[in-house]
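Read through the structure below, which is laid out as structure tokens, and then see the notes.
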Amino acid sequence: MPLPQGVLPILPLRNTVIFPSLTQILKVGRERSIRALKKAERNGFWIVAVQQKAKPHDMSKDHAVDPHDLHGVGTLCRIDSMKGSPEAGYQVVLRG
């Protein structure tokens, strides 16, 4: 499996942490997150999963995540599978 090259998309995570070497199933529905998945799909299925800092007033589905809302450390992940649609959201299997 080739290693990732260049700039990788970031997938902000709410209430979830993905650890290296573990597999996690996620539901992805935010528009920006779906765009990150599509970019990863075009670039070898690599993405960086980063925990979003908890801010109860910002947790709406459509809230745009600012880089300052993310923790400074994430996990390099490979997308093992992705099923769904942009309208309904995706079920994604990520391996850290």
From the coordinates shown, Cα Rg over 2.2 N^0.38 Å corresponds to which of [x] 1.07; [y] 1.26; [z] 1.01 = [z]
Starting from the Cα gyration tensor of the range 1-46, take the square roots of the eigenvalues, sort them a ≥ b ≥ c, and report rounded, prolate or oblate (rounded when a/c is under 1.5, otherwise prolate if a/b is larger than b/c, else oblate).
-> oblate
Leading residue at positive end of dipole, the chain (Cβ point charges), from SER33, PRO9, GLY84 | GLY84
For labels at LEU76 and ALA54 in the simple 7 Å Cα→Cβ model, what's the distance in nm?
-> 3.0
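Values quoted throughout were computed directly from the atomic coordinates according to the rules given, and no laboratory measurement underlies them. It should be emphasised that the depicted structure is a prediction, and the values quoted were computed from it without experimental measurement. When we count neighbours, we look across all protein chains shown, and the Cβ atoms used for this are built from the backbone with ideal geometry, even at glycine.
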